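S.K.: The following block contains the structure, expressed as structure tokens.
The values are calculated or read from the model by the stated rules, or taken from the named source; none is laboratory data. On a predicted model such as this, the values are computed, not experimentally measured, just so you know. As a convention, Cβ positions derive from the backbone with ideal geometry for all residues, glycine included, and neighbour counts pool all protein chains shown.
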Amino acid sequence: MKFDKFDRFRVRPGEAVDLREYDPVDTEPFKAREEANERLTRGIERIVEQQQLLYAHHRWALLLIFQAMDGAGKDSAIRHVMSGLNPQGTQVFSFKRPSDEELDHDYLWRCAKALPERGRIGIFNRSYYEEVLVVRVHPDILNGQKLPASLVTDDIWRDRYEDINAFERHLARNGTVIRKFFLHVSKEEQRRRLEARLDDPAKTWKFSAADLAERDRWDDYMRAYERALSKTSTKESPWFVVPADHKWFTRIVIAEIVAHTLESLDLSVPPLSKAERQALVAARRRLQRS
């Protein structure tokens, strides 16, 4: 099966996104989880192989950004797809409510200092996109961001889209490849998953009454996501709207996109210089004498 089977989830630059046109229960071409297990296993193996080359090549970095409504499965997707990766070459950050220190800087600052180094894979569980999602749905949050009043205008969201695009373009031009995933869960499936948290003692710690308050703003969030996806999906850093009602399929799509992205970089172990080869020969001789 070729990658283009999953490329249908990519948001094209300039596309006006209508999330009603994306099916959260889509699992094509698979009909059941059992059919897909081998595909996921192979996808993870490809990522592991490529991570080793990424680390050795030491020129590129890969940044994966995950955004979703509560209950969409970000944590489990990250945990399953990135299983087997070398922790030395992987960095995972989960961005919560900004601290006082972070509010004393621009909104990109806390994410900028968490960017992956060359040779590494960075994973953002939520990101600076919260600033055009949660903050757009709750504009009163702007009052606590210490912005000069003259800068909080009707154009602030347009300005932030432009800033984000410029930031990601800068990263792309300097060797950081970006792939962004919106896990698209249906409102009905989210309800089932939130109820499951209430029913399972092992999951009740994950439940928060605030989740219900955000759920009440579902339509507002869908509009905010549609605008963000439409305005910030570019050739260099595309968004993928990944069906999330079936977690097994979500994981396959993400694994396939990450593996394909790494393979497209044509990574390789850097060749040794003449001096390095001579040093290895000398090291072998020394070992044989010891």
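S.K.: Hey, can you tell me all the residues within the stretch 244-282 that are outside any helix (DSSP H, G or I) and buried (at least 22 other Cβ atoms within 10 Å of the Cβ)?
M.R.: Ala244, Asp245
S.K.: For a quick check of your reading of the model, give me the residue pairs whose first member lies in the stretch 266-286 and is within 22 Å of Arg46 (Cα to Cα), whose second is assigned to a helix (DSSP H, G or I), with beta-carbon atoms closer than 6 Å and at least 6 apart or on different chains.
M.R.: Going by the 6 Å Cβ cut-off, the qualifying pairs are Leu267/Leu53; Leu267/Leu54; Leu267/His57; Val269/Ala56.
S.K.: Given the conditions (1) under 30 Å from Leu142 (Cβ atoms); (2) of a type in the set (Ser, Thr, Tyr); (3) touching a Phe, Trp or Tyr at 6+ places or on another chain (Cβ under 7 Å), and given that Thr27 satisfies all but one, which numbered condition is not satisfied?
M.R.: (1)
S.K.: Here's a follow-up. Within the stretch 43-143, which helices (runs of 4 or more DSSP H) (wholly inside it) include 2 or more residues that are out of contact with any helix residue (DSSP H, G or I) (no Cβ under 6 Å at 6 or more places or on another chain)? Even if it seems obvious, please write down each step before you answer.
M.R.: Working: elements: 74-81, 100-103, 109-112, 134-137.
Counting at least 2 such residues, we get 74-81, 100-103, 109-112.
S.K.: With Glu28, Glu15 as the choices, which residue is in a loop (DSSP other than H, G, I, E, B), exposed (fewer than 13 other Cβ atoms within 10 Å of the Cβ) and modelled with pLDDT of 95 or more?
M.R.: When all the criteria are applied, what remains is Glu15.
S.K.: Filter the stretch 208-233 down to the residues that are over 15 Å from the mean Cα position of the chain (by Cα), touching a residue at least 60 places away in the same chain (Cβ under 8 Å) and either surrounded by 22 or more Cβ atoms within 10 Å (Cβ to Cβ) or part of a helix (DSSP H, G or I) (or both) and list them by number.
M.R.: Asp211, Glu214, Arg215, Trp218, Asp220, Tyr221, Met222, Ala224, Glu226, Arg227, Ser230, Lys231
S.K.: Let me confirm something: among Glu189, Glu236, Glu168, which residue is within 18 Å of the chain's Cα centre (by Cα) and part of a helix (DSSP H, G or I)?
M.R.: The unique qualifying residue is Glu168.
S.K.: Can we say Tyr107 is touching a residue at least 24 places away in the same chain (Cβ under 8 Å), under 25 Å from Asn174 (Cβ atoms), surrounded by 17 or more Cβ atoms within 10 Å (Cβ to Cβ) and in contact with a Pro (Cβ under 9 Å, 6 or more places away or on another chain)?
M.R.: yes
S.K.: For the stretch 222-231, check the following and say yes or no: at least one residue is farther than 30 Å from Asp266 by Cβ and acidic (Asp, Glu). I'd like the intermediate steps shown before the answer.
M.R.: The first filter runs over the stretch 222-231 and keeps only residues farther than 30 Å from Asp266 by Cβ, leaving 222-228, 230-231.
Okay, now just the ones that are also acidic (Asp, Glu), so 226.
Yes.
S.K.: Which residues, taken from the stretch 144-165, are within 13 Å of Leu108 (Cα to Cα), assigned to a helix (DSSP H, G or I) and among the polar types (S, T, N, Q)?
M.R.: Of everything in the stretch 144-165, just one residue is within 13 Å of Leu108 (Cα to Cα), assigned to a helix (DSSP H, G or I) and among the polar types (S, T, N, Q), namely Asn165.
S.K.: Sort out which residues of the stretch 150-191 are basic (Lys, Arg) and exposed (fewer than 12 other Cβ atoms within 10 Å of the Cβ), and write them in order of number.
M.R.: Arg173, the sole residue that qualifies.
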